[in-house]
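Single-structure report; data block below.
The values are calculated or read from the model by the stated rules, or taken from the named source; none is laboratory data. These figures come from a predicted structure and were not determined experimentally. Heads up, the Cβs are rebuilt from the backbone with ideal geometry, glycines too, and the neighbour counts pull from every protein chain shown. Protein only, heavy atoms only, side chains kept; ligands, DNA and RNA dropped before computing areas. Shrake-Rupley method; radii C 1.70, N 1.55, O 1.52, S 1.80 Å.
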Amino acid sequence: MLDRYKILFDEVKIGPVTAPNRFFAVPHATGYAWNQPSGAIAIRAMKAEGGWGTVAVQITEISPDSDFANHPMERIWDDTDILRHAKGVEQIKKHGSLSAIELGHGGMRARNILSGSPVIGPSALPILKPEVPVQSKMMDLSDIKIFREKHKNAVKRSVKAGYDIIYVYAAHDLSILSHFLSIRTNQRSDEYGGSFSNRLRLLREVLEDALEIVEGKQAIALRFSVSEPEKSIGIRHDGEGRDVIEALAELPDLWDVNISGWPMDSSTSRFSKEGFQLEFTDFVKNITSKPVVGVGRFTSPDTMASLIKKNKLDFIGGARPSIADPFLPKKIYENKIDLIRECIGCNICVSMDGYGLPIRCTQNPTISEEWRRKWHPEIVSKTKKTQDSFLIIGSGPSGLECARVLLKAGHKVTIAEAEKESGGRIVKEASLPGLGEWIRVRDYRMNEINQNSNSEIYYSSRLSSSDIKNFEADNIIFATGSYWRRDGVGSSNPHSFSLDHFNLYTPDDIFENNLEIKSRAPVIVYDDDHFYMASVIAEKLALDGYKVTYATPLASVATWTGLTLEQDKIINKLNSLNIQFKVNCKLNLNGKFINTLSRDIEDFNTENIIFVGARLQNDELYNQAKEKMNNKNIFSTGDCVAPGMIQAAVLSGHTVARSIIEGDKDGFFLRDQIERFEFN
Ligand code: ADP
Ligand code: SF4
């Protein structure tokens, strides 16, 4: 380990327990909940194995009246839940890490569709994220007493399960305690409403209850969002956020501080860079003598060490960095800094919570597969004794991931890339405004590949079918990617039609610098893809001086970015660049724009259009090879099979390599419930 990083491996006392180092894997959604515990336990165990000195469980509902419905959370509703938690604790502790549980009650963010209980909160109001038309019941004093009892019981169960640290949760606007604190949601006039100290009362009481129960044997942490920068009426780090820290400064054993809501806390790299929360949170250390953990998508060990040295934080908190690389601490310890798989801040992990599914990660294809497929992020078993040779055509995310894994298993890999550099779509997309960090997808993989003496890579080598035929390799893997369609086919339209009357471009033309449009000219960016691409191209063109209109057949802008928590930020950004919006505006089969509500034809007075629709797989070479070379093992991977997200291309590359090495399992994986199901 380099001397300058030693400070990151100091032991730190948290009340009665001691963390072995300063790496703190903070609570985050895993998509695995109480009903699929093995997957969630394995994610956390992997972080402990990778050196995170403290590993926390995500929000754990304390009772049925905090039912987050389709967002899979943990539960500790009654004693039957204890065994599951105890097994998780054991898996964390066996690696020498501390285990933490984040007890929570969703208050006015719960939905209670499953439990059927009334949603409860400080006031009678529509619930806070009204995906369902439900209102909360205003809790009376006896309801508050019952809630405190439930919280106390959850603390007792957490102690029984063996946790070292028990969280009281008042963050992200996802907690009843935040709802009592905020004047947005607390409209009471009794001793729990009105003045700041009244609104703080329940949080203080719950903290004191928890401390009383653990009797100094476990640590009590308080997770608190010190600021709500996006809310017009909200907690501010220089207002009531600071007042809370001052009022409760020495009460918890640990402060875990961040900003709220979730789109602010988990801001993407397109909008926020490493350390983005510090301007809000770094005052906390000046107020309390208790240790402080903070987050900010930290992946650079220099930044981490400097934050500790400057007394800004005691622990480096990581949710996304610990997902992207569960072995980040160990790699710093073993001085393998260039092999850290840095989070790129894309929020594909976050999007899975919206679906209620186990997390996926662009950088770490093994996340969520630790238990059910037995995939380890750092180890590939060498089940085949012989060393095979592989030719991989294409060095985009799928080709590079496939190469990296095959090399790890001891095979020989030659990569042929048509372009002058590796990376495929990553290089192109990382050149767009705000997406620079995405290049890490390539860089991490190239670092691993370059360090392996069994690898060779040839640039400017566009292979033809006859080149491939003559190549001496036992196996050929096609990772030749995809290209953007120019024929009108997109998400809302499966039929191709002519766009010849337009001065037509696609994202590929933007990447190739093919635009021949006079500066300041009007341009329509037509989004029938609905993820980030059209919005980021609109942003680029506006920055380049064009007069841009963003048009889409859907009713909202870049619809799918709602799941990556970026949609509002994208709209604000495009607004700030004077980009015009046209929603419900569809290109019909005559190549005319039509308003899908009024049926009126829209005329934009320009022929310049960037059509962002569907993509086509670049699989011609693969199909030819399959026909002509039946003496070789031929595979395809990534966008050349089916165009999708970068995350999907990486996962595809990984899956193809694993199935070659470990034997094809035809997509099957272990399942918790079904295998242990007993009907009685
Ligand atoms: P994926 O997302 O599936 O990894 P990409 O589009 O990012 O796909 O990458 C595909 C890569 O394949 C690109 O870098 C492209 O230059 C390369 N490629 C495509 N056809 C050939 C070919 N015939 N020979 C060599 N490289 C190719
Ligand atoms: Fe980071 Fe993206 Fe992975 Fe999430 S999905 S951890 S944001 S790289």
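At-a-glance table
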{"item": "Among residues of the range 586-600, those that are open to solvent by less than 60 Å² (accessible area, probe 1.4 Å) and in a strand (DSSP E or B), counted", "result": "4"}
{"item": "Positions within the range 498-510 being open to solvent by 10 Å² or more (accessible area, probe 1.4 Å), among the hydroxyl-bearing types (Ser, Thr, Tyr) and assigned to a loop (DSSP other than H, G, I, E, B), in sequence order", "result": "498"}
{"item": "Residue that is nearest to residue 30 (Cα to Cα) [pool: residues in the range 277-322 that are buried (at least 17 other Cβ atoms within 10 Å of the Cβ) and of a type in the set (Ser, Thr, Tyr)]", "result": "322"}
{"item": "Residue count, the range 224-244 (criterion: in a loop (DSSP other than H, G, I, E, B) and either surrounded by fewer than 22 Cβ atoms within 10 Å (Cβ to Cβ) or among the β-branched types (Val, Ile, Thr) (or both))", "result": "10"}
{"item": "Complete set of residues in the range 55-88 that are crowded, with 24+ Cβ neighbours inside 10 Å and β-branched (Val, Ile, Thr)", "result": "55, 57, 59, 60, 62, 76"}
{"item": "Only listed residue being away from ligand 2 (no atom under 16 Å from the Cβ), open to solvent by 20 Å² or more (accessible area, probe 1.4 Å), among the aromatic types (Phe, Trp, Tyr) and out of contact with any Asp or Glu (no Cβ under 8 Å at 6 or more places or on another chain), chosen from 355, 333", "result": "333"}
{"item": "Positions within the range 46-99 being of a type in the set (A, V, I, L, M, F, W, C) and closer than 30 Å to residue 136 by Cα, in sequence order", "result": "56, 57, 59, 62, 68, 69, 73, 76, 77, 82"}
{"item": "Candidates 379, 457, 449, 426 - the one that is of a type in the set (Val, Ile, Thr) and within 9 Å of ligand 1 (Cβ to nearest atom)", "result": "426"}
{"item": "Hey, residue 667 open to solvent by 40 Å² or more (accessible area, probe 1.4 Å), of a type outside the set (S, T, N, Q) and more than 10 Å from ligand 1 (Cβ to nearest atom) or not", "result": "yes"}
{"item": "Those residues of the range 511-547 which are acidic (Asp, Glu) and not in a strand (DSSP E or B), in sequence order", "result": "512, 516, 528, 529, 539, 544"}
{"item": "When residues of the range 250-267 are limited to those that are open to solvent by less than 10 Å² (accessible area, probe 1.4 Å) and not β-branched (Val, Ile, Thr), the one nearest to ligand 2 (Cβ to nearest atom)", "result": "267"}
{"item": "Check on residue 77, over 24 Å from the mean Cα position of the chain (by Cα) and part of a loop (DSSP other than H, G, I, E, B)", "result": "yes"}
{"item": "Pairs, first part of a loop (DSSP other than H, G, I, E, B) in the range 100-123, second open to solvent by 10 Å² or more (accessible area, probe 1.4 Å) and of a type in the set (Val, Ile, Thr), C-beta under 6 Å, six or more apart", "result": "111/132"}
{"item": "Selected residue [closer than 24 Å to residue 654 by Cβ and either more than 31 Å from the chain's Cα centre (by Cα) or within 11 Å of ligand 1 (Cβ to nearest atom) (or both)] from 504, 463, 499", "result": "463"}
{"item": "Qualifying residue in the range 456-464 (condition: open to solvent by 50 Å² or more (accessible area, probe 1.4 Å) and over 26 Å from residue 633 (Cβ atoms))", "result": "yes"}
{"item": "Matching entry among 572, 578 (being surrounded by fewer than 22 Cβ atoms within 10 Å (Cβ to Cβ), in a loop (DSSP other than H, G, I, E, B), not assigned by TED's automatic domain parsing to the domain that holds residue 267 and not acidic (Asp, Glu))", "result": "578"}
{"item": "Selection count, the range 1-44, where residues are aliphatic (A, V, I, L, M) and either outside the structural domain of residue 255 (by TED's automatic domain parsing) or open to solvent by 10 Å² or more (accessible area, probe 1.4 Å) (or both)", "result": "8"}
{"item": "Looking only at the range 413-431, and only at residues there that are of a type in the set (A, V, I, L, M), away from ligand 2 (no atom under 16 Å from the Cβ) and under 18 Å from residue 615 (Cβ atoms), the one that is surrounded by the most Cβ atoms within 10 Å (Cβ to Cβ)", "result": "427"}
{"item": "Of all residues in the range 622-648 being free of Cβ contacts under 8 Å to residues at least 40 places away in the same chain and within 11 Å of residue 478 (Cα to Cα), the one that is nearest to ligand 2 (Cβ to nearest atom)", "result": "641"}
{"item": "Odd one out for residue 364 among (1) within 16 Å of ligand 1 (Cβ to nearest atom); (2) in contact with a Lys or Arg (Cβ under 7 Å, 6 or more places away or on another chain)", "result": "(1)"}
{"item": "Residue 435 vs. criteria within 16 Å of ligand 2 (Cβ to nearest atom), farther than 18 Å from residue 339 by Cβ, open to solvent by less than 20 Å² (accessible area, probe 1.4 Å) and in the same structural domain as residue 645 (by TED's automatic domain parsing)", "result": "yes"}
{"item": "Number of the condition not met by residue 373 [criteria: (1) open to solvent by 10 Å² or more (accessible area, probe 1.4 Å); (2) within 16 Å of ligand 1 (Cβ to nearest atom)]", "result": "(2)"}
{"item": "Residue that is aliphatic (A, V, I, L, M), at pLDDT 95 or above and within 16 Å of ligand 1 (Cβ to nearest atom), where the choices are 344, 340", "result": "344"}
{"item": "Criterion (within 27 Å of the chain's Cα centre (by Cα) and open to solvent by less than 40 Å² (accessible area, probe 1.4 Å)) met by exactly one of 558, 521, 542, 551", "result": "558"}
{"item": "Exclusive hit being of a type in the set (A, V, I, L, M) and part of a strand (DSSP E or B), set 56, 40", "result": "56"}
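Residues are listed down the side, and each one gets a yes or a no for (1) within 22 Å of residue 642 (Cα to Cα); (2) β-branched (Val, Ile, Thr):
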residue: 328; (1), (2): no, no
residue: 332; (1), (2): no, yes
residue: 341; (1), (2): no, no
residue: 417; (1), (2): yes, no
residue: 425; (1), (2): yes, no
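Conditions (1) outside the structural domain of residue 438 (by TED's automatic domain parsing); (2) hydrophobic (A, V, I, L, M, F, W, C); (3) in a helix (DSSP H, G or I), marked per residue:
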| site | (1), (2), (3) |
| --- | --- |
| 255 | yes, yes, no |
| 263 | yes, no, yes |
| 275 | yes, no, no |
| 298 | yes, yes, no |
| 302 | yes, no, yes |
| 316 | yes, yes, no |
| 322 | yes, no, yes |
| 326 | yes, no, no |
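Each row is one residue, and each column tells you yes or no for (1) within 16 Å of ligand 2 (Cβ to nearest atom); (2) assigned to a helix (DSSP H, G or I).
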| position | (1), (2) |
| --- | --- |
| 341 | yes, no |
| 349 | yes, yes |
| 365 | yes, no |
| 374 | no, no |
| 377 | yes, no |
| 381 | no, no |
| 391 | no, no |
| 401 | yes, yes |
